[in-house]
Amino acid sequence: MGTICYNGVSREMTAEEQAEFDARQTAYKNDAPNRKLRMIKKMRQERLDATDWMANSDYTMPDYIKTWRQTLRDLPANNTTESEYDALLAVDSDGYFSNSIWTQPTE
């Protein structure tokens, strides 16, 4: 069994407390794909928002930006497994996202 520490006092968990703790841990673990998808959608929306100004009538959006924005919009439909989410959220040794989808193209 696990241990509870409250106000500096430790004690063993009861069987009921342990079962509740285990259930919360399992639920959290099982929700990992949903948390990852929410992060992907948030990052996608930030990039779309940052380029929305290019859709103004007084600006002609370059085709490469149109293509990139469409690819961003298609991310949830085209990536549906946790391993695909992991690939989208992978970071390099410097802590930057390594998938090129997150970098706005310049041409």
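The values are calculated or read from the model by the stated rules, or taken from the named source; none is laboratory data. Here the structure is a predicted model, which means the values were calculated and not measured. These area figures cover heavy atoms from the full protein model, side chains too; ligands, DNA and RNA do not enter into them. Shrake-Rupley method; radii C 1.70, N 1.55, O 1.52, S 1.80 Å.
List of remarks:
- Here Ser93 clears all of (1) part of a helix (DSSP H, G or I); (2) open to solvent by 90 Å² or more (accessible area, probe 1.4 Å); (3) of a type outside the set (Lys, Arg) except the condition numbered (1).
- Residue in the stretch 13-25 that is at pLDDT below 95 and either under 30 Å from Thr106 (Cα atoms) or outside any helix (DSSP H, G or I) (or both) present: yes
- Condition met for Gln70 (assigned to a helix (DSSP H, G or I) and open to solvent by 60 Å² or more (accessible area, probe 1.4 Å)): yes
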